[in-house]
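A.B. asks: To start, I am sharing the structure in question, which I have written as structure tokens.
The values are calculated or read from the model by the stated rules, or taken from the named source; none is laboratory data. Keep in mind that what you see is a predicted model, and the values were worked out from it rather than measured. All Cβ positions, even for glycine, are placed from backbone atoms using ideal geometry, and neighbour counts span all protein chains on display.
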Amino acid sequence: MDETMGEGGGAADETGYRDNALVLDGSDDTDETDGDDGGDDGDGDGDGSLTPPPTSNCPAYGSDVYTPYPGSGPFPTGKVSTYPWRGPTTAYPNGMEDFSGYAALPLNVECGGTRTMRNYLDVTAGCLDAVPDAANAVGRVQGTSAGYFRTFALGYAPGETSHRVLWTDQGAEYRFFYATGATGNTGFKVFTRYRTEYDLYVASWRMDGVVQIQKKQCGEYTVLAKIATYGAPSPNAWHTIRFEAVGNRLELYLDNTLAITATDDTFSSGTAGIRIDSMNGALIDDWRVYAP
């Protein structure tokens, strides 16, 4: 909870996208993406059996495509107010991962190659550790060799142990702290209504000052809204990033200020998550999934 220094990391490697964006400064931008570029899920494999694509015009996906919703449904579906973020056997994290539930620190929470360690979250790229801060615990991220860190909230209805919740209206928020980082499209991201690595919404606050909201559908990115000159988060300070999806409205808040909005009807439900690029040693805290 208190301010602590992180460490810098290497550069990220991103793929291209189709740009149908509203670019708020009038500039053209067709050379970066921010979200989940697929194929780098930590263990190099998907979850085996895969639910059908969430939109009918997507091709069938193979078992190597990651989804937080493996197997067949039905999956509990509703608002976070109905289904708070909790594990299948305990109430933890009870809506917020503040790293208070780990007795001996430092402790590895989970890595992309050890994804069965926790049943209430899924680290699919890199590693997440719980480490001591001045008076509390915080999370520390380590990326893959390509610089990626990615994790998702796994929610369950009470009494349910196998089918994870598809949240409809949802908000996702976390605090972060970093000391140094590469420039470019590195930075801090939030997922909402994430269905598969090919189908999701993602909001970004990047080190080159870009702020944007994207969707990825059938594996193809579209920028929904963008500010190219918002400014980067400052180092050596705690910041808050929050992304809400209510109906067809998407809103990104940065340090408790509404930064950018978009509307889109593609995805109505999914889970929430975090992606951080090229920020090895960055700290996170108070990661929550909530009812907006």
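A.B. asks: Applying the selection to the range 242-290, what residues are polar (S, T, N, Q) and outside any loop (DSSP other than H, G, I, E, B)?
C.D. replies: Residues satisfying the conditions are T257, T261, T263, T271.
A.B. asks: Another question, if that's okay. Restricting attention to the range 156-195, which residues are on the phi > 0 side of the Ramachandran plot and out of contact with any Gly (no Cβ under 8 Å at 6 or more places or on another chain)?
C.D. replies: Those that are on the phi > 0 side of the Ramachandran plot and out of contact with any Gly (no Cβ under 8 Å at 6 or more places or on another chain): G159, G184.
A.B. asks: Quick one: count up the residues across the range 70-90 that are of a type in the set (S, T, Y) and at pLDDT 95 or above.
C.D. replies: The number of residues fulfilling the criteria is 4.
A.B. asks: Whether any residue in the range 199-216 is more than 25 Å from G87 (Cβ to Cβ), of a type in the set (F, W, Y) and touching a residue at least 12 places away in the same chain (Cβ under 8 Å) is what I want to check.
C.D. replies: Yes, the range 199-216 contains a residue that is more than 25 Å from G87 (Cβ to Cβ), of a type in the set (F, W, Y) and touching a residue at least 12 places away in the same chain (Cβ under 8 Å).
A.B. asks: Still on this structure, please answer the following. One residue is enough: does the range 225-236 have a residue meeting the conditions in contact (Cβ under 8 Å) with a residue 40 or more places away in the chain, part of a strand (DSSP E or B), touching a Lys or Arg at 6+ places or on another chain (Cβ under 8 Å) and on the phi < 0 side of the Ramachandran plot?
C.D. replies: Among the residues of the range 225-236, not one is in contact (Cβ under 8 Å) with a residue 40 or more places away in the chain, part of a strand (DSSP E or B), touching a Lys or Arg at 6+ places or on another chain (Cβ under 8 Å) and on the phi < 0 side of the Ramachandran plot, which makes the answer no.
A.B. asks: Given the criteria among the hydrophobic types (A, V, I, L, M, F, W, C), assigned to a loop (DSSP other than H, G, I, E, B) and under 30 Å from S234 (Cβ atoms), does A179 qualify?
C.D. replies: Yes: the conditions hold for A179.
A.B. asks: A further question follows. Give S56, S63, S72 a once-over and let me know the one that is in contact with a Leu (Cβ under 8 Å, 6 or more places away or on another chain), exposed (fewer than 14 other Cβ atoms within 10 Å of the Cβ) and hydroxyl-bearing (S, T, Y).
C.D. replies: The match here is S63.
A.B. asks: In addition: Could you check the range 246-277 and list, in sequence order, the residues that are exposed (fewer than 15 other Cβ atoms within 10 Å of the Cβ) and among the small types (G, A, S)?
C.D. replies: Listed by number, the list holds a single entry, G247.
A.B. asks: Given the condition over 17 Å from the mean Cα position of the chain (by Cα) and touching a residue at least 60 places away in the same chain (Cβ under 8 Å), answer yes or no: does some residue in the range 185-198 qualify?
C.D. replies: no
A.B. asks: Somewhere in the range 196-204, is a residue in contact with a His (Cβ under 6 Å, 6 or more places away or on another chain) and on the phi < 0 side of the Ramachandran plot?
C.D. replies: No, because not a single residue in the range 196-204 is in contact with a His (Cβ under 6 Å, 6 or more places away or on another chain) and on the phi < 0 side of the Ramachandran plot.
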